[in-house]
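Step one of this worksheet: look at the structure below.
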Amino acid sequence: KAEDIAQLIMGRSVQGKGGATNGGQAVSLLSKRGSVSVDKRTNTLLVRDTADNLEEIRRLVAKIDIPVRQVLIESRIVIAKDNFARDLGSRIGIGRKETSGITTSLVGGGLPGDLAQSGVYGTFINNPADSDPPIEALTTDLRVSNPMGAVNFLIGRMNREFLRLELSAMQAEGKGEVISSPRLITSNQQPAEIRQGVEIPYLEASSSGAATVSFKEAVLALRVTPQITPDDRIILDLAVHKDSVGQVFEGVPSVNTRAVRTRVLVDNGETVVLGGIYERTHNNETDKIPLLGDLPAVGALFRQTRKVDDKSELLIFVTPKIVKQSLKAR
């Protein structure tokens with residue numbers, strides 16, 4: 001704040017107490033005829049003094065008044081069928097290596113050998129154990145059909161267009177659904193959160209015996225705290241949870257919760273994929289011809305009952321990008 005800088009210029013501590021905080025005497029940067037004032041509305045510092053003192057104050061302000069860096073967080077939250085998760089795991093591969101400052105993505109899985117020509121960033125390899133250095137430790141598990149990519153967590157550099165096409169194809173083929181695509185900007189080391197959902201009302205008895213209305217939340221929420229490292233990488237503290245309304249027990253609704261919380265280090269613009277949270281549903285579906293299917297004895301000839309076992313996975317794609325400063329201090 002301009003107020004804090006004004007206190008430093010006048011030789012006071014930020015708390016407004018005179019004197020230096022380390023036991024020494026604080027020295028004002030102003031001459032006897034100098035003055036400093038603050039416009040709180042615009043957070044502007046107004047200083048009047050000699051040319052030499054103004055130059056010294058200008059250097060001080062340039063050192064401490066640095067714009068806070070910001071991070072754009074783009075995410076996609078997907079409910080996908082198990083076969084899509086396996087296919088995607090085989091496409092986006094396993095990791096990367098760096099040689100002489102040149103980063104090479106290593107893409108693996110059960111795809112044809114012309115993968116590198118299909119627009120996917122990286123190099124197709126058949127045996128990751130023979131790579132230099134070996135990259136088996138980087139393999140993370142999206143449960144792909146090929147054992148090369150079989151863990152529940154993956155960090156990978158993905159082409160944005162490739163990811164968009166994969167998710168569009170997923171929805172067109174009925175293999176899943178993008179349930180939310182939140183985007184938010186936050187300052188470095190400052191938490192940001194997006195919440196969307198409903199509050200479920202229910203009656204609750206108070207100590208006096210009267211019934212009061214209480215609420216339970218069932219929300220889809222993304223909470224992220226980015227931290228920019230000196231080499232322009234980003235530490236992400238991520239928390240994602242998706243709630244849904246469950247069964248009602250004695251008048252009180254339950255909430256089904258699926259959540260992911262993690263802390264990862266990624267490059268600027270790199271996509272983090274989080275997975276491994278499964279939900280399984282068992283249903284019995286009956287198809288029948290109206291009236292005929294309900295006839296006793298012979299009705300079984302006109303109806304068909306089948307068991308449906310669906311397995312879905314919650315996938316979260318998060319891409320952080322450092323926002324470039326468009327304005328510079330003058």
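The values are calculated or read from the model by the stated rules, or taken from the named source; none is laboratory data. Note that the structure is a prediction, hence the values are computed from the model and not measured. Cβ sites come from the backbone with ideal geometry, for glycine too, and all protein chains shown count toward neighbours.
Do we find that Leu238 is part of a helix (DSSP H, G or I) and modelled with pLDDT of 80 or more in this structure? Answer is no for this residue. Selection over the range 256-312 of residues that are closer than 30 Å to Gln189 by Cα and of a type outside the set (A, V, I, L, M, F, W, C) gives a count of 12.
Quick one: would you say Asp232 is under 22 Å from Asn188 (Cβ atoms) and acidic (Asp, Glu)?
Numbers: under 22 Å from Asn188 (Cβ atoms): yes; acidic (Asp, Glu): yes.
Against the criterion (under 22 Å from Asn188 (Cβ atoms) and acidic (Asp, Glu)), Asp232 qualifies.
Annotation: Gly293 fulfils all but one of (1) surrounded by 14 or more Cβ atoms within 10 Å (Cβ to Cβ); (2) assigned to a strand (DSSP E or B); the unmet one is (2).
Could you please find all residues in the range 288-325 being more than 30 Å from Thr225 (Cα to Cα) and without any contact (Cβ under 8 Å) to a residue 12 or more places away in the chain? Don't jump to the end; show me each part of the working.
First pass over the range 288-325, keeping only residues more than 30 Å from Thr225 (Cα to Cα): 288-311.
Within the range 288-325, Pro290, Leu291, Leu292, Gly293, Asp294, Leu295, Pro296, Ala297, Val298, Gly299, Ala300, Leu301 meet the criteria.
For Glu313, the conditions (1) modelled with pLDDT of 80 or more; (2) within 28 Å of Ser181 (Cβ to Cβ) all hold with the exception of (1).
When restricted to residues that are loosely packed, with under 10 Cβ neighbours inside 10 Å and on the phi > 0 side of the Ramachandran plot, the range 193-244 contains 1.
Residue-by-condition table, conditions (1) more than 18 Å from Asp4 (Cβ to Cβ); (2) surrounded by 10 or more Cβ atoms within 10 Å (Cβ to Cβ):
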| position | (1), (2) |
| --- | --- |
| Ser28 | no, yes |
| Val36 | no, yes |
| Arg48 | yes, yes |
| Leu54 | yes, yes |
| Lys63 | no, no |
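Counting only residues that are of a type in the set (Ser, Thr, Tyr) and over 16 Å from the mean Cα position of the chain (by Cα), which one in the range 220-244 is nearest to Ile316 (Cα to Cα)? Quick ask: steps written out before the conclusion?
Pass one, the range 220-244, residues of a type in the set (Ser, Thr, Tyr): 225, 229, 244.
From what is left, the residues that are over 16 Å from the mean Cα position of the chain (by Cα) are 229, 244.
Details: Thr229: 23, Ser244: 17 Å.
The selected residue is Ser244.
Scanning the range 245-268 for residues that are of a type outside the set (Ser, Thr, Tyr), surrounded by 13 or more Cβ atoms within 10 Å (Cβ to Cβ) and under 14 Å from the mean Cα position of the chain (by Cα) yields Val260, Val264, Leu265, Val266, Asp267, Asn268. Please work out which residue is modelled with the highest pLDDT, limiting yourself to the range 187-208 and to residues that are out of contact with any Leu (no Cβ under 9 Å at 6 or more places or on another chain) and charged (D, E, K, R). Among residues in the range 187-208 that are out of contact with any Leu (no Cβ under 9 Å at 6 or more places or on another chain) and charged (D, E, K, R), the one modelled with the highest pLDDT is Glu199. Beta carbons closer than 6 Å, at least 6 apart along the sequence or on distinct chains, pair a first residue in the range 59-70 that is touching a residue at least 12 places away in the same chain (Cβ under 8 Å) and within 16 Å of Asp232 (Cα to Cα) with a second that is hydrophobic (A, V, I, L, M, F, W, C) and surrounded by 10 or more Cβ atoms within 10 Å (Cβ to Cβ) for Arg69/Ile228; Gln70/Ile185; Gln70/Val323.
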